[in-house]
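Here's the structure we're looking at; comments come further down.
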Amino acid sequence: MSASINGDHGRVFDGHSFQDVVAPPPAHTIRQQPRPVPPTTTAGAPKSTIFVSIPQFRDGKRCAHTVQRIFENASHPDRVYIGLIEQTDTEHPKDDPTCLEEYCALMGYRMKEHPVGIMHRGEKQADWDAVLGACPRAMDQIRSVRFHHLAAKGPVYARSFIRKVLGNEEFCMQIDAATDFAQGWDNLAIQQWMKTGNEYAILSNVPSPSKEREKSGDNSVEVPRQCSIKIGSEGVPLYENIADGKAIGLKQPLLSSAYSSSFSFAKCHYETNVPHDPFAVQLLETEKFPRYGRLWTRGYDVYTPSVNIVYRDNAILHPLHHTAGHGDDGERKWPKPINDNQRRDAHIRMKVLLDIHHGITSAEAASLGGGNNIGGKISTARANLGIYGLGKRRKLDQLLDFTGIALPSSDFTGQHGNDGKGCANTAWVPYDTSISPRANLFDGTGKADDLDLDPEFPLRTLPDATGGQYDHPFPMGNAAWDEMTNAQNAINDRSNENSSDVPYSMVFLLWGIGLCVWYGMFVGNNSKAKTGVGRSAHTPRNSTRKPKRKIPLSERVLKNV
């Protein structure tokens, strides 16, 4: 690959200096090179559905504005579905309203004041049902799970409940409760994802502050990019909460070695193939790199989008930071020993996942069970991870080489971060596409004594929800894609040799006809087989359409989990 001239393909600031993004190699030089499985959409980009997950901790008011902006700023709001994970004070809902309640209030449908007591519970329920029925999109496009904030165990634990509200949507986006959006963000996100040329692509970056949007608008060519990876005090790699770098003038999304939980956009099979770990409780920064490692070793690749799709809305502070009654100094009132023990066990879990044996003390190993020594206990604990561990498409050593970091040696030396180096130009790492993204590095055979079960997705009926894989028109992966492109390249080469004087317009015309025929044979037929002629892509195969019903509140919102 050759370096770009004056940043023709974009530039990256890695926290220290600017680097030019290299130009992609010419098409004729990459015909025989391994490359990602090409992306597809089952219904076509304009009709593809999007599921947006929002976990919120006692942040209903800001979350409500986020939900409102999701629909208002979407080009096609009817295809957007929202999953809320509500962690609020269920005993005092007036002081700690849910996101759904506040959203309906913003839309002009607020509940009346009702006297406290069991005698008035029925009229209050009837009032709320009436609000839900009148509130725009609340019944058909918003799903929610709610539990008491004292049962909360951190953001990762909250995100693990996405499984309860994810339906048959094609794309999934994960955001924070206080987020703003570019105009037409739904079209923008799908277009950016398609530009990666990768079915297993994930768009992700730390969102830019909303004030930057006010300053430069949605057309800004400057996008935050995380470059630096540090090694924490316990040996686990860490990303900073804010982006230390930026990408400017990108022509297309840029491969990245960082993942942000504040924004990600991908096919929904990344939620089912790499589900959020419900046992990574009380963790903030420590879980991010292990999450990235799980995705990467299962064949997923993260890209920084070339444009800003979402923004971080800090115009209003989180209520815990300035509202009386939520704990001293705005902190949650947790039983400290329980909190610390949960966090300690989760830290150990992350070390086990990354194979940092020596980072686990004898005292910590005592809580792991299994085996008679530390090595045996770690092997058992790793096998117990199951789907929440690393995958088999790529290896841990490859991950370390790709990110430019080193984990601690046996005497806890030699570890180092990457200091942001190599942030501008990273090379895609091939893998065997015949290996399933759900294949676990340690499958638990003969070692696991408490294997973590795969999560269930009760509302999702697609094959990936039960261990199957996404129905891709190229089930053989790159092999099928290469067979088709090589045949077309051979035809083009012969045409060039025998008819060098053929007008280019005729060549393009023939190429376009061939592309249409290919689409009809592979993608068109696959889409019809998947959805059925005249049937919604959300309707399970071999089923008949049933009229929509109003789902009772008990099934939708106030569900204890």
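Some values worked out for this structure:
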{"read-out": "Accessible area per residue in Å² at 1.4 Å probe, computed on the range 216-300", "value": "27 Å²"}
{"read-out": "Protein accessible area in the range 96-172, 1.4 Å probe - carbon and sulfur %", "value": "55 percent"}
{"read-out": "J(HN,Hα) series, the range 344-352, from Karplus relation 6.51 cos²θ - 1.76 cosθ + 1.60, nearest Hz, glycine and proline x", "value": "4, 5, 5, 4, 4, 4, 5, 5, 4"}
{"read-out": "Aspartates and glutamates whose Cα lies under 15 Å from that of residue 230, excluding same-chain neighbours fewer than 8 positions away", "value": "14, 240, 244, 285, 287, 401, 419"}
{"read-out": "Of all accessible heavy-atom area on the range 182-288, the percent that carbon and sulfur account for (1.4 Å)", "value": "49 percent"}
{"read-out": "Approximate spin-label separation residue 401-residue 150, in nm, with each point projected 7 Å along Cα-to-Cβ", "value": "5.3 nm"}
{"read-out": "With DNA, RNA and ligands ignored, accessible area of residue 185 (1.4 Å probe; Å², nearest 10)", "value": "0 Å²"}
{"read-out": "Cα shape, the range 31-139, gyration tensor, a/c 1.5 rule", "value": "prolate"}
{"read-out": "Percent carbon-and-sulfur accessible area, the range 33-77, ignoring ligands, DNA and RNA, probe 1.4 Å", "value": "55 percent"}
{"read-out": "Euclidean distance between Cα centres, the range 428-462 to the range 91-135, Å", "value": "42 Å"}
{"read-out": "Violating pairs (Cα-Cα greater than 19 angstrom) within the set 392/447; 351/377; 47/195; 164/392", "value": "164/392"}
{"read-out": "Highest to lowest packing among 45-54, 266-275, scored as the average C-beta count within 10 Å", "value": "266-275, 45-54"}
{"read-out": "Loop sites in the range 108-189: trypsin sites (Lys or Arg not before Pro), DSSP, at most 10 other Cβ within 10 Å", "value": "112"}
{"read-out": "Karplus-derived HN-Hα couplings along the range 57-70 (A = 6.51, B = -1.76, C = 1.60, θ = phi - 60°), whole Hz, x at Gly and Pro", "value": "10, 6, 9, x, 5, 5, 4, 4, 5, 5, 4, 4, 5, 4"}
{"read-out": "For the range 146-199, convex hull of alpha carbons as volume per residue, Å³", "value": "125 Å³"}
{"read-out": "Solvent-accessible area per residue for the range 69-170 (1.4 angstrom probe, square angstrom)", "value": "44 Å²"}
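The values are calculated or read from the model by the stated rules, or taken from the named source; none is laboratory data. Everything quoted here is computed from the prediction, not taken from an experiment. In this analysis, Cβ positions are derived from the backbone assuming ideal geometry, glycine residues included, and neighbour counts consider all displayed protein chains. To get the accessible areas, we keep the full protein, side chains included, count just its heavy atoms, and leave off ligands, DNA and RNA. Shrake-Rupley method; radii C 1.70, N 1.55, O 1.52, S 1.80 Å.
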